[in-house]
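Here is the structure we will look at.
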Amino acid sequence: MRPKKNGLWGKAYIDYMAEDRSGWKIGDRWLEGAARSLWDLGIPVVEEKQNSRFPYAYPMGDAIFYLGWYAGEAEGPFAVPEFRMRPGAVACHIHSFSAETIRDSRKRWAGPLVAHGAAVALGNVYEPFLQLTAHLDIFVDRLLQGFSVAEATWMATPVLSWMNTTLGDPLYRPFGKSRSGGRTTSPENSRDLSYRRVAELCKAGAGEGVGVEDVWKDRISAAARSAEASGDGVTLEALGLCLLDRGDHGGAVALFKTAAAVFQTNPDRVRTFLHAIDILRREGQLDRVEEELRNLIAITGETAEGRVVEALLQQVDPPLPDFPTPSREIPLRYRKDSAVP
């Protein structure tokens, strides 16, 4: 009822598999299509494009969409008891047994997603085969067009009476009744208002024609200056994500660092720093990534956010395995100084 009255405002988080195997690429293509539809409506998207998941306790603030795959059990922020998505949120983690049970808040995915605040969660009760799961690009597109959960799920599911299930109110329409992608315009609080303003800027895109892109960039710059002056980190972060989506890495990093400086809470600060570091990682600058993460650990210390940074550092620079210590002297025939071939 709350999104119906005030609109569903916030960010989408998409966790790609990033696995270069032909049979698996279709899942990432679905997620890419979903991301494009979200941006077309002006919803900021945070994308994890590494072959890893969002780490434990990742500060997934203002989440209204979560799409990811392929882990057997809920992890990342969904392993933290206190984490909650925004009211009305939609979530799905692709896995063969994601809805094997739905009443356990810690097992598989469907139950934990609902326990952490998702109003809608898609899942599979048994092995469905990837191509026969709900096609998430179609599902998200239809929701954003204004269709109900039941309609969007029906359209996105290639085989009925199979292994797929949907949790949530089938008549829920997160994005209005007109099937035109309209969103209500009465945000409940200042953060929602910031997301509405950003949506108007970002969904228009740079457009086409002589000078149009320059005008669009000028509007983004003006909005960023205003947000910095008023201490509006939500707008700065969302505008940075918008520039990142359009390939302006330098502009995005500048806005992320400005956002981190004006945000008042550690989760928000760390998340925006991580956006900037992720750009370096995408560019293959792993030495700088490691340096920036170590600097961030020095700031976050023994906090939940510090654990996030430590987990990311281990992805970039995995520790060497602990080799067992021999319990007895190595036999002569295996020693380097042995004459035995």
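The table for this structure:
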| read-out | value |
| --- | --- |
| Residue that is touching a strand residue (DSSP E or B) at 6+ places or on another chain (Cβ under 8 Å), at negative phi, of a type in the set (Phe, Trp, Tyr) and at pLDDT below 90, where the choices are Phe65, Phe54 | Phe54 |
| Qualifying position, being in contact with a Phe, Trp or Tyr (Cβ under 9 Å, 6 or more places away or on another chain), more than 27 Å from Gly240 (Cα to Cα), surrounded by 21 or more Cβ atoms within 10 Å (Cβ to Cβ) and not β-branched (Val, Ile, Thr), among Ala91, Ala99, Ala71 | Ala99 |
| Matching helices (runs of 4 or more DSSP H) fully within the stretch 104-176 where at least 1 residues are among the charged types (D, E, K, R) and assigned by TED's automatic domain parsing to the domain that holds Pro81 | 136-144, 149-156 |
| Filter result for Trp30 (part of a helix (DSSP H, G or I), touching a His at 6+ places or on another chain (Cβ under 8 Å), not assigned by TED's automatic domain parsing to the domain that holds Ala252 and not acidic (Asp, Glu)) | yes |
| Some residue of the stretch 15-28 being within 10 Å of the chain's Cα centre (by Cα) and closer than 27 Å to Glu305 by Cα | yes |
| Failed criterion for Gly117 (all others in (1) over 16 Å from the mean Cα position of the chain (by Cα); (2) touching a residue at least 24 places away in the same chain (Cβ under 8 Å) hold) | (1) |
| Residue in the stretch 238-250 that is in a helix (DSSP H, G or I), under 25 Å from Val316 (Cα atoms), in contact (Cβ under 8 Å) with a residue 40 or more places away in the chain and of a type in the set (A, V, I, L, M) present | yes |
| Residue list for the stretch 197-206, filter: surrounded by fewer than 17 Cβ atoms within 10 Å (Cβ to Cβ) and either of a type in the set (A, V, I, L, M) or modelled with pLDDT of 90 or more (or both) | Ala204, Ala206 |
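The values are calculated or read from the model by the stated rules, or taken from the named source; none is laboratory data. Quantities reported herein were computed from a predicted structural model and do not represent experimental measurements. Every residue, glycine among them, receives a Cβ derived from its backbone with ideal geometry; neighbour counts consider all protein chains shown.
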